[in-house]
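Chemist: My questions all concern the structure below.
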Amino acid sequence: MNDNGNILLASGLHKSFGRGAGKVHVLRGLDLQVRRGEFLAVMGSSGCGKSTLLHVLGLMTAADEGSVAIDGREVTTLCESSRNEIRRRNIGFVFQRFNLIGVLSGYDNILLSLKVRGLADGRDVRGVLEAMGVWHVARRKPAQMSMGEQQRVAAARALAARPELLLADEPTGSLDSANAQALLELLVEQNRRQGQTIVMITHSESVAQAATRVVHMKDGRILDTHA
Amino acid sequence: MVPLPLANLWHHKLRSSLTALGVAIGICMLVTLSGLSRGSVDEIADRWEAVDADLLVFPANASDNIAALSGGGLGEKDAQLVRQLAVAGHPAVEYVAPVYIHRGKIGSGANNIFGCAPQDLPRLTGGRRFLEGRVFDPDNNCECYLQHRIGQAGQGVLEISDEELAGNGGLEMVIDRRLARDARLKTGDKVHVLGRDFTVVGVMQEGGLARAFIPRATAQWLGELDRYTMFFVKLKDGVASQAALEALRPRRNLTGITIDQYRGMLMDMLGVMYIYTDTANAITLAVACLFILVSLYTMVIQRQREIAILKSMGARRRFILGGVLSESLIIAALGAAAGIGLSFPAAMGIEAFRPVLTVRITWGWIGVAAVSALAVGGLAAIYPAWKAMKIDVVEALTLE
């Protein structure tokens with residue numbers, strides 16, 4: 001597979017919502033390359049299209065125009081089940097609002113994620129929870145955890161399957177500064193030690209500093225890149 | 001790991017329980033109503049099959065169905081003809097037990113009141129024993145007295161008072177245990193029926209032909225003298241029932257069936273009742289289906305975010321469909337188990353409240369109920385599962 005070291009390659013992405021006069025162009029010919037093992041922060045003001053970009057890159061919604069290649073494979077034209085399979089095998093998500101399943105314990109949330117991905121056997125759920133510092137809440141349900149604990153369990157859920165690409169949408173957005181810092185340290189460690197590729201959406205300069213590269217978005221396009 | 005469908009059901013305990021209860025009521029109704037309708041008919045047929053006889057002979061002009069036959073369509077001459085019935089030139093009949101049937105209300109409902117000779121009672125009840133008391137008019141005094149008075153009267157007007165009848169054992173009655181319970185009667189109690197006050201002189205085990213017996217002479221006196229409703233005929237050993245029925249065919253005013261055929265006749269007449277009970281059951285199951293559907297639909301709507309999370313992880317279509325279907329089937333299975341379990345006390349309650357009714361819960365209907373419940377569970381899951389598949393991941397994940 002000739003991917004020139006890029007795990008993610010997006011080119012000419014267009015995405016709009018609504019119709020007629022109410023139509024809003026969110027992505028306007030966006031190009032983006034993400035190298036394997038990179039920790040990329042995508043910054044921009046509210047409404048600039050950051051989250052939509054993440055949804056398109058995570059194959060949760062389709063672009064109107066343009067192409068996305070993951071690990072050298074063009075995925076734009078794939079059918080729903082094939083896109084599903086790529087999400088299952090290659091992508092992990094961390095959401096701003098954690099999105100843990102409320103009726104399951106922290107441990108079972110992770111186990112379910114592994115089960116969905118067909119990896120329920122042989123993965124060290126305890127090890128992941130310990131690495132994230134939340135083993136002590138493994139038996140608790142999300143409602144019985146603090147926000148910081150919930151986000152760390154959510155990150156553990158995303159990382160347990162060892163996806164090639166971790167997409168994080170404002171992962172610190174609901175956390176206080178201490179918990180936000182702790183989570184960022186975990187992500188940085190994951191990126192440095194495991195070589196985990198991370199694309200993180202944020203509007204915070206201080207959060208973006210944790211990344212190895214920062215890109216700025218405005219009006220649905222990438223403006224510039226800073227290492 | 002606790003499977004997600006179980007975790008969800010447990011988390012919404014009240015909703016899950018109420019939905020399962022809805023299914024349980026439907027299944028309980030299915031099992032109990034089927035057991036009641038079919039059990040009652042079977043119990044009547046069983047009682048007739050208990051009679052120590054091979055044939056039933058009745059007027060040819062009676063309808064094809066004799067389950068509701070009463071009155072006096074046969075005479076003494078007919079009884080003689082049947083007694084003399086021959087097959088292949090040999091006498092075929094061991095004995096004939098003529099009966100005169102009235103309909104009368106005792107206890108909670110109308111009953112066939114069989115007038116028979118006291119010596120025929122053991123044959124007609126298949127040897128059921130007396131739990132208390134004795135047979136009515138054991139010396140047949142009533143019949144002798146009535147014949148004597150009829151002879152005296154000649155062509156004149158014959159009047160016989162209740163005191164005369166009672167004094168000669170004519171107003172005595174034997175009932176079975178179920179009727180005794182239903183009407184709260186015991187030996188020595190009075191029963192007002194057929195316009196007279198009868199005295200209960202004996203209570204028998206249930207299971208023999210009828211629930212109430214009176215002297216045949218009284219039944220004829222209150223109906224038509226020297227007339228009978230039907231004959232129970234016991235054939236001699238070795239005489240085939242069908243051959244005897246063939247021998248009966250030339251008697252133009254008589255016809256007959258084997259005792260075994262009575263069950264089919266009863267089904268033909270009362271089988272229409274099954275249409276009503278089965279329709280009621282189908283409606284109940286449809287309501288149970290709607291119960292589950294609404295519950296699952298609500299669940300899917302409430303858990304759009306959860307389903308979106310699963311989809312964002314790349315959950316296969318069958319995983320999500322399987323989750324919805326599993327919840328539905330678990331509710332249906334719990335409802336079925338509870339419904340089947342409830343049907344037993346329900347049956348006991350019905351029989352305790354109305355002792356003349358019979359509820360027979362069979363493995364067959366338990367199986368039908370279980371399969372119906374699972375089918376209902378499967379059907380109810382279709383639309384919610386389809387709805388779950390249609391959920392937009394991005395939209396659902398941004399829901400508050």
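Rule-based calculations on the coordinates, nothing more; no lab input. Everything quoted here is computed from the prediction, not taken from an experiment. Don't worry about glycine lacking a Cβ; one is built from the backbone with ideal geometry, like all the others, and counts go over all protein chains shown.
Chemist: For labels at residue B:279 and residue A:147 in the simple 7 Å Cα→Cβ model, what's the distance in nm?
Modeler: Once both label points are built, they end up 6.2 nm from each other.
Chemist: For the cross-link pairs B:77/B:105; B:77/B:190; A:15/A:141; B:105/B:236; A:115/A:141, which exceed 26 Å when the distance is taken from alpha carbon to alpha carbon?
Modeler: B:77/B:105; B:77/B:190; A:15/A:141; B:105/B:236
Chemist: Within a 10 angstrom radius of each residue's Cβ in A:57-65, how many Cβ atoms of other chains show up on average? Whole number is fine.
Modeler: Taking the mean over all residues of the peptide, I get 2.
Chemist: Still on this structure, please answer the following. Highest mean first, what order results for A:193-201, A:174-182 on Cβ atoms within 10 Å?
Modeler: Highest to lowest by the protection proxy: A:193-201, A:174-182.
Chemist: For the pair residue A:80/residue B:186, report the inter-label distance in nm, with labels modelled 7 Å from Cα in the Cβ direction.
Modeler: 7.4 nm
Chemist: Now, a different point. Which whole DSSP H helices in chain B pass both tests: a Cα extent of 15 Å or more along the axis and a mean Kyte-Doolittle value no lower than -0.5?
Modeler: B:13-49, B:272-302, B:317-353, B:363-389
Chemist: Now, a different point. Taking the Cα centre as origin and putting +1 on Lys and Arg beta-carbons and -1 on Asp and Glu beta-carbons, what dipole magnitude results for the protein assembly as shown, to the nearest 20 debye?
Modeler: Charge dipole of the protein assembly as shown: 2100 debye, to the nearest 20.
Chemist: Starting with the highest mean, order B:185-197, B:144-156 by the number of other Cβ atoms within 10 Å, averaged over the residues of each peptide.
Modeler: The packing order, highest mean first, is B:185-197, B:144-156.
Chemist: Report the label-to-label distance for residue B:144 and residue B:260 in nanometres (one decimal), using points 7 Å from each Cα along the Cα→Cβ vector.
Modeler: The answer from the label model is 4.2 nm.
Chemist: What's the average, rounded to a whole number, of partner chain beta-carbon atoms within 10 Å of each residue's beta-carbon in B:312-323?
Modeler: 6
Chemist: Hey, in the GNM for chain B with a 10 angstrom Cα cutoff, which one of B:130, B:319, B:291 fluctuates hardest?
Modeler: Between B:130, B:319, B:291, it is B:319 that shows the largest mean-square fluctuation.
Chemist: Using the Cα gyration tensor of segment B:42-149, with a ≥ b ≥ c the square roots of its eigenvalues, what is the shape: rounded (a/c below 1.5), prolate (a/b larger than b/c) or oblate (neither)?
Modeler: Rounded, since a/c falls under 1.5.
Chemist: Select from B:89, B:281, A:202 the residue farthest towards the positive end of the dipole of the protein assembly as shown; place +1 on Cβ of Lys and Arg, -1 on Cβ of Asp and Glu, and compute about the Cα centre.
Modeler: A:202
Chemist: Turning to a different aspect of this structure: Quick one: which of A:30-37, B:97-104 comes out on top by average Cβ neighbours within 10 Å, and what's the full order, highest first?
Modeler: B:97-104, A:30-37
Chemist: Turning to a different aspect of this structure: For chain A, modelled as a Gaussian network with Cα springs under 10 Å, which listed residue fluctuates most, A:23, A:115, A:141?
Modeler: Ranking A:23, A:115, A:141 by mean-square fluctuation puts A:23 first.
Chemist: Can you find, among B:174, B:127, B:201, the residue farthest towards the positive end of the dipole of segment B:108-222? Put +1 on the C-beta of Lys and Arg, -1 on that of Asp and Glu.
Modeler: B:127
Chemist: What FRET efficiency do you get for residue B:251 and residue B:298 if R0 is 51 Å and r is their Cβ-Cβ distance, rounded to the nearest 0.05?
Modeler: E(calc), rounded to 0.05, equals 0.10.
Chemist: Among B:396, B:319, A:135, flag the residue with its Cα farthest along the positive direction of the charge dipole of the protein assembly as shown, charges on Cβ as +1 for Lys/Arg and -1 for Asp/Glu.
Modeler: So the residue we want is A:135.
Chemist: Using a cut-off of 12 Å between alpha-carbon atoms, which aspartates and glutamates can reach residue B:234, once sequence neighbours fewer than 8 places away in the same chain are excluded?
Modeler: Within the straight-line cut-off, residue B:234 pairs with B:52, B:54, B:94, B:120.
Chemist: Peptide A:90-98: average number of partner chain Cβ atoms within 10 Å per residue?
Modeler: Mean shielding count: 3.
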